[in-house]
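Note sheet for the following structure.
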Ligand SMILES: [Zn+2]
């Protein structure tokens, strides 16, 4: 369990008053505030959002606190790169795109009346196997099997 950003943010604010679970009012650090105009909300996923009733933007509040927007999110949500599932999906899509390109090249070769080389043929076969392995890993049944059942 990562640290809750709200536990870092609330001590930075003045005149903090809790309204209810996940909801506080405090003096806005981004303007000369005397009436606790800043509403702080902790969302269910741990993210913190600010709303200043005097009209300051969220970026102004974050900057006045000396924070960055990433500090408003729990560590688990603060990823910038793709997740493992997204990486796998991208790899699979790249393999499919490559296979489509190879297929078009082979079709053009045949259409031009030329012979498909052994190397080209091997590459097409390898890509077909790669796509099949990706489908297996994703638990997707081959198209022919699905047709047979339907
Ligand atoms: Zn303000």
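Look at the range 51-75: where a residue is over 22 Å from residue 3 (Cβ atoms) and a partner is at pLDDT 95 or above and in a strand (DSSP E or B), sitting 6+ places away or on another chain with Cβ atoms under 6 Å, you get 51/39; 52/38. Filtering 138, 134 for residues that are at pLDDT below 80, farther than 30 Å from residue 14 by Cα and touching a helix residue (DSSP H, G or I) at 6+ places or on another chain (Cβ under 7 Å) leaves a single hit, 134.
Filtered by the rule that a residue be near the ligand (Cβ under 9 Å from one of its atoms) and on the phi > 0 side of the Ramachandran plot, the range 30-71 gives a lone residue, 55.
Of all residues being within 30 Å of the chain's Cα centre (by Cα), under 20 Å from residue 69 (Cα atoms) and part of a loop (DSSP other than H, G, I, E, B) in the range 2-29, which is nearest to the ligand (Cβ to nearest atom)? Just the residue, please. Step by step, filter the range 2-29, then rank; the result is 22.
The values are calculated or read from the model by the stated rules, or taken from the named source; none is laboratory data. These figures come from a predicted structure and were not determined experimentally. Cβ coordinates were reconstructed from backbone atoms using ideal geometry, including for glycine residues, and neighbour counts include every protein chain displayed.
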